[in-house]
Amino acid sequence: MSLMHNPPHPGRVLREYLAEMEVAEAAARLDVSRTTLSRILHGRAGISADMSLRLADALDTYPAFWSGLQMDYDLWQASRRRRPRIQPFRKAA
């Protein structure tokens with residue numbers, strides 16, 4: 001499996017969807033605090049499953065779109081960190 005090269009944080013994509021809408025208005029429509037939405041938009045928090053459902057309802061998208069963006073971002077970030085060498089599991093003979 002190959003990962004997208006340096007995918008954007010989903011908050012950056014969400015900012016494009018919201019266009020000129022104020023953060024406070026978008027947060028109210030999503031029924032979350034302004035702080036919660038602002039943290040996502042600034043890349044300081046991820047998009048949860050619950051938020052994926054809210055965004056899908058509000059933006060006429062699919063929850064898997066938002067959770068997929070988050071997963072791609074998280075996998076890319078994890079792949080950039082140092083990790084221990086893992087020995088593959090072997091099938092029993």
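The values are calculated or read from the model by the stated rules, or taken from the named source; none is laboratory data. No experiment lies behind these values; they were computed from the predicted model shown. In this analysis, Cβ positions are derived from the backbone assuming ideal geometry, glycine residues included, and neighbour counts consider all displayed protein chains. We work out accessible area using only protein heavy atoms, side chains counted, and drop any ligands, DNA or RNA first. Shrake-Rupley method; radii C 1.70, N 1.55, O 1.52, S 1.80 Å.
Springs join every pair of Cα atoms under 10 Å in this Gaussian network model of the chain, and among Arg15, Arg81, Arg54 the largest mean-square fluctuation is at Arg81.
With all protein chains present, how much of the accessible area of the chain (probe radius 1.4 Å) comes from carbon and sulfur, to the nearest whole percent? List each step's numbers first, then the result.
Details: 3720 of 7200 Å².
Carbon with sulfur: 52 percent of the solvent-accessible area.
Working from Cα pairs under 8 Å separated by at least six residues, relative contact order for the chain is 33 percent.
Under a point-charge model restricted to the Cβ atoms of Lys and Arg (+1) and Asp and Glu (-1), what is the dipole moment magnitude of the chain relative to its Cα centre, in debye to the nearest 20? Present the calculation step by step, with values, prior to reporting the outcome.
Details: 14 positive and 10 negative charges, 211 e Å.
So the magnitude is around 1020 debye.
For the chain, the per residue solvent-accessible surface stands at 77 Å², with DNA, RNA and ligands left out and a 1.4 Å probe.
Taking the C-alpha atoms only, the angle from helix 49-59 to the longest principal axis of the chain is near 40 degrees.
Between Thr35, Ala45, Tyr62, the Cα set farthest toward the positive side of the dipole of the stretch 14-93 (charges on each charged residue's Cβ, about the Cα centre) is that of Ala45.
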